[in-house]
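Engineer: Quick one: the structure is below, and I'll ask about it shortly.
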Amino acid sequence: MKVMFAIVTTITTLLILGLATVLQFPWHFRFYSSSPSSIPDSDARFNTFHLESHSLRVKRSDICGSNKQYSGYVDNLNTNDHLFFTFFESLRITVTTDTSAKEEKGTGPLVLWLNGGPGCSSLTSAMTELGPCVVSSVHNEVETNPYSWNTKSNIVFVDQPANTGFSYGSYHVKNSKEAARDIFMFLQLFLMAFPNLANSQLHIAGESYAGHYIPAIASEILIQNNAAQFHLLNLNSLLIGNGWVDPRTQLKYYEPYGCANDSSYKPIFDDATCKKMQASSLTCQKLMNACYKYQNSVTCVPAGLYCQRTQLGPYDKTGRNDFDIRIQCYENSELCYNITNSMNAWANTPEIKQELGIDSVKGTFTTCNDRVAYRFALSSDMSISYGPKVAEALEAGVRVLIYAGDMDWTCNWYGSLAWTIELPWSGQLGYSESPDLDWYSARTGKLAGQSRIYKNLMFLKVNNAGHWVPYDQPEHAMEMFSTWIENRPFG
């Protein structure tokens, strides 16, 4: 998703409950399916690929018109979990000065997109933010998205962990490391089904709690690549938008963000509230120190409860949208947005379910599943830092982009910038001393944000955007994305 449900919704509920360079073919011998082959354009049936205790079912689907799209499930035969995915081929065609050198549609980079929550559907981002078509305000209808990210890359969206979106299963994943193992196997099978992408640059992108998922997945890929027991993945970069990465650091910046007078929408709180938040911040940090030291439920759940109540809780009284301080929360909707009502209505129509190949045992689609979030909260995953996994990726040469809309409360940009500055890695000093530079859009000519970059780490503040940057600033988000994956300098 889109949201860090853990802090705002899940922890509140817990209070109520009283709880407290890449290998070429042939594929590695552990692949035992038939040779990889393309999926027939006109085949409405599933094609199946196998790898150890996992299999992948994929079919052509058509929800966005003139664009090659596929959807299906990766099945874990050991746990009886079934993760849904949808894939849009790239529309990009690149011709060099030598016209014989040409990049065809469907080749080029591969982006894996994950929403957060935990428990929020990645399909929602595909159909409201950055896919080739998006759900309109009229139920059951879609419209073309001129700022689709698949104009620059292939992009696959996965509903994970199980019981998120159209995914379902018996085993209850409870932390990001477990989720990462499932995604690694998905990528292996996906590249069997689409061998033309086997050696493509891989970029892993997402929002909110994906700030935990993405570093964990990157770590799993690096470990598996080093072990060389599977097909090596060409991991190029990570993109984390308004991410929940380092809770202890980020929790220090709710009071400064909410009490600053640096926009027409702030300060959010009065002086009395600001003083209370500031006074309780020290206790919050002490509790988080214990959580970081022991990393168990005994220390982390109480820390999360206290910090949520004292640092984020005051915002609940304002009636504002948790993900955009400029607007009020839309009542009777998921995540404070009416568009989620349209999304849920569209996804639950029988025609759409049939087109996507949704298994009949899967019930009603919802944008987010609170039960998934509860498990992550109780396991301590929500309160520990995945910053060390980001540092691990940086040291391995993986490029990392941390971007943040400046109008988001839930994972505000103050905290996002702070944790990147405080992150221990070999480039920490150089990054901390790097200047913040204005980013002017080459497309609109507007001041789109500010950037800070050193070596392979970049932070980008996106102006006039909330938690969902591609939703609020689609043109600037598209420019950010294309500039990043093409490894061009930001103007």
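The values are calculated or read from the model by the stated rules, or taken from the named source; none is laboratory data. Note that the structure is a prediction, hence the values are computed from the model and not measured. For neighbour counting, all protein chains shown are included, and Cβ atoms are generated from backbone atoms with ideal geometry for every residue, glycine included.
Engineer: Taking Gln278 as the residue in question, decide whether it is part of a helix (DSSP H, G or I) and over 29 Å from Asn115 (Cα atoms). Before you say what the answer is, go through the steps one by one.
Structural biologist: Numbers: part of a helix (DSSP H, G or I): yes; over 29 Å from Asn115 (Cα atoms): yes.
Criteria met by Gln278.
Engineer: Of all residues in the stretch 334-349, count the ones that are hydroxyl-bearing (Ser, Thr, Tyr) and part of a helix (DSSP H, G or I). Give the derivation first.
Structural biologist: Taking the stretch 334-349 and keeping what is hydroxyl-bearing (Ser, Thr, Tyr), we get 337, 340, 342, 349.
Okay, now just the ones that are also part of a helix (DSSP H, G or I), so 340, 342.
Qualifying residue count, the stretch 334-349: 2.
Engineer: Further, regarding this structure: So in the stretch 310-333, with the set limited to residues that are of a type in the set (D, E, K, R) and not in a loop (DSSP other than H, G, I, E, B), which one is surrounded by the most Cβ atoms within 10 Å (Cβ to Cβ)? Quick ask: steps written out before the conclusion?
Structural biologist: First, the residues of the stretch 310-333 that are of a type in the set (D, E, K, R): 316-317, 320, 322, 324, 326, 331.
Remaining after also requiring not in a loop (DSSP other than H, G, I, E, B): 316, 320, 324, 326.
Working: Asp316: 14, Arg320: 18, Asp324: 24, Arg326: 13.
The qualifying residue surrounded by the most Cβ atoms within 10 Å (Cβ to Cβ) is Asp324.
Engineer: Looking at the stretch 253-275, which of its residues are part of a helix (DSSP H, G or I) and either loosely packed, with under 14 Cβ neighbours inside 10 Å or touching a strand residue (DSSP E or B) at 6+ places or on another chain (Cβ under 6 Å) (or both)? Step through it out loud before you land on a result.
Structural biologist: Step one: list which residues in the stretch 253-275 are part of a helix (DSSP H, G or I), which gives 254-259, 271-275.
Matches in the stretch 253-275: Asp271, Ala272, Lys275.
Engineer: For the stretch 156-180, enumerate the residues that are within 27 Å of Trp484 (Cβ to Cβ) and not in a loop (DSSP other than H, G, I, E, B).
Structural biologist: Val156, Phe157, Val158, Ser176, Lys177, Ala179, Ala180
Engineer: From the list Ile402, Ile421, exactly one residue is touching a strand residue (DSSP E or B) at 6+ places or on another chain (Cβ under 8 Å) and not in a loop (DSSP other than H, G, I, E, B). Which is it? Don't jump to the end; show me each part of the working.
Structural biologist: Numbers: Ile421 fails: touching a strand residue (DSSP E or B) at 6+ places or on another chain (Cβ under 8 Å).
Being touching a strand residue (DSSP E or B) at 6+ places or on another chain (Cβ under 8 Å) and not in a loop (DSSP other than H, G, I, E, B) holds for just one of Ile402, Ile421, which is Ile402.
Engineer: Sticking with this one: So Cys284 passes all but one of these: (1) over 19 Å from His212 (Cα atoms); (2) part of a loop (DSSP other than H, G, I, E, B). Which condition number does it fail?
Structural biologist: Single failed check for Cys284: (2).
Engineer: Would you check if Ala20 is modelled with pLDDT under 90, farther than 28 Å from Gly211 by Cβ and surrounded by fewer than 23 Cβ atoms within 10 Å (Cβ to Cβ)? Spell out the reasoning first.
Structural biologist: Details: modelled with pLDDT under 90: yes; farther than 28 Å from Gly211 by Cβ: no; surrounded by fewer than 23 Cβ atoms within 10 Å (Cβ to Cβ): yes.
Spelling it out, it is not the case that Ala20 is modelled with pLDDT under 90, farther than 28 Å from Gly211 by Cβ and surrounded by fewer than 23 Cβ atoms within 10 Å (Cβ to Cβ).
Engineer: Failed condition for Ile358, given (1) hydrophobic (A, V, I, L, M, F, W, C); (2) within 30 Å of Asp81 (Cα to Cα); (3) out of contact with any Lys or Arg (no Cβ under 7 Å at 6 or more places or on another chain); (4) not in a loop (DSSP other than H, G, I, E, B), with all others met?
Structural biologist: Among (1) hydrophobic (A, V, I, L, M, F, W, C); (2) within 30 Å of Asp81 (Cα to Cα); (3) out of contact with any Lys or Arg (no Cβ under 7 Å at 6 or more places or on another chain); (4) not in a loop (DSSP other than H, G, I, E, B), the lone unmet condition for Ile358 is (4).
Engineer: Checking Gly357 against (1) surrounded by fewer than 21 Cβ atoms within 10 Å (Cβ to Cβ); (2) on the phi > 0 side of the Ramachandran plot, which test does it fail?
Structural biologist: Answer for Gly357: the failing condition is (1).
One line per residue, one yes/no per condition, for (1) under 15 Å from Ile402 (Cα atoms); (2) surrounded by fewer than 19 Cβ atoms within 10 Å (Cβ to Cβ):
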| residue | (1), (2) |
| --- | --- |
| Lys455 | yes, yes |
| Phe459 | yes, no |
| Asn464 | no, yes |
| Trp468 | yes, no |
| Ala477 | yes, no |
| Met480 | yes, no |
| Glu486 | no, yes |
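Engineer: Something else: For the stretch 268-295, enumerate the residues that are under 17 Å from Val245 (Cα atoms) and polar (S, T, N, Q).
Structural biologist: Hits for the stretch 268-295 are Gln285, Asn289, Gln295.
Engineer: Output the residue which, of all residues in the stretch 424-453 that are part of a strand (DSSP E or B) and out of contact with any helix residue (DSSP H, G or I) (no Cβ under 9 Å at 6 or more places or on another chain), is surrounded by the most Cβ atoms within 10 Å (Cβ to Cβ).
Structural biologist: To start, the set of residues in the stretch 424-453 that are part of a strand (DSSP E or B) comprises 437-440, 447-453.
Restricting the remaining residues to those that are out of contact with any helix residue (DSSP H, G or I) (no Cβ under 9 Å at 6 or more places or on another chain) gives 437-438, 440, 447, 450-451.
Working: Leu437: 13, Asp438: 12, Tyr440: 14, Leu447: 12, Gln450: 19, Ser451: 22.
Here the answer is Ser451.
Engineer: Those residues that are of a type in the set (Val, Ile, Thr) and touching a Cys at 6+ places or on another chain (Cβ under 9 Å), I need them from the stretch 224-273; list them, please. Walk me through it before giving the result.
Structural biologist: As a first pass, look at the stretch 224-273 and keep what is of a type in the set (Val, Ile, Thr): 240, 245, 249, 268, 273.
Selection gives Val245, Ile268, Thr273.
Engineer: In this structure, is Ser333 among the hydroxyl-bearing types (Ser, Thr, Tyr), over 30 Å from Thr86 (Cα atoms) and touching a Ser or Thr at 6+ places or on another chain (Cβ under 7 Å)? Quick ask: steps written out before the conclusion?
Structural biologist: On the way: among the hydroxyl-bearing types (Ser, Thr, Tyr): yes; over 30 Å from Thr86 (Cα atoms): no; touching a Ser or Thr at 6+ places or on another chain (Cβ under 7 Å): yes.
For Ser333, the condition - among the hydroxyl-bearing types (Ser, Thr, Tyr), over 30 Å from Thr86 (Cα atoms) and touching a Ser or Thr at 6+ places or on another chain (Cβ under 7 Å) - is not met.
Engineer: Could you please find all residues in the stretch 225-246 being part of a loop (DSSP other than H, G, I, E, B), among the polar types (S, T, N, Q) and within 23 Å of Ser153 (Cα to Cα)? Walk me through how you get there before you give the answer.
Structural biologist: Within the stretch 225-246, the first condition is being part of a loop (DSSP other than H, G, I, E, B), and the residues that meet it are 228-234, 242-246.
Narrowing further to those that are among the polar types (S, T, N, Q): 229, 234, 242.
Selection gives Asn234, Asn242.
Engineer: Within the stretch 278-294, how many residues turn out to be of a type outside the set (A, V, I, L, M, F, W, C) and surrounded by 15 or more Cβ atoms within 10 Å (Cβ to Cβ)?
Structural biologist: If we filter the stretch 278-294 for residues that are of a type outside the set (A, V, I, L, M, F, W, C), which is where we start, we get 278, 280-281, 283, 285-286, 289, 292-294.
Going one step further and asking which of them are surrounded by 15 or more Cβ atoms within 10 Å (Cβ to Cβ), we end up with 280-281, 285, 292.
The total comes to 4.
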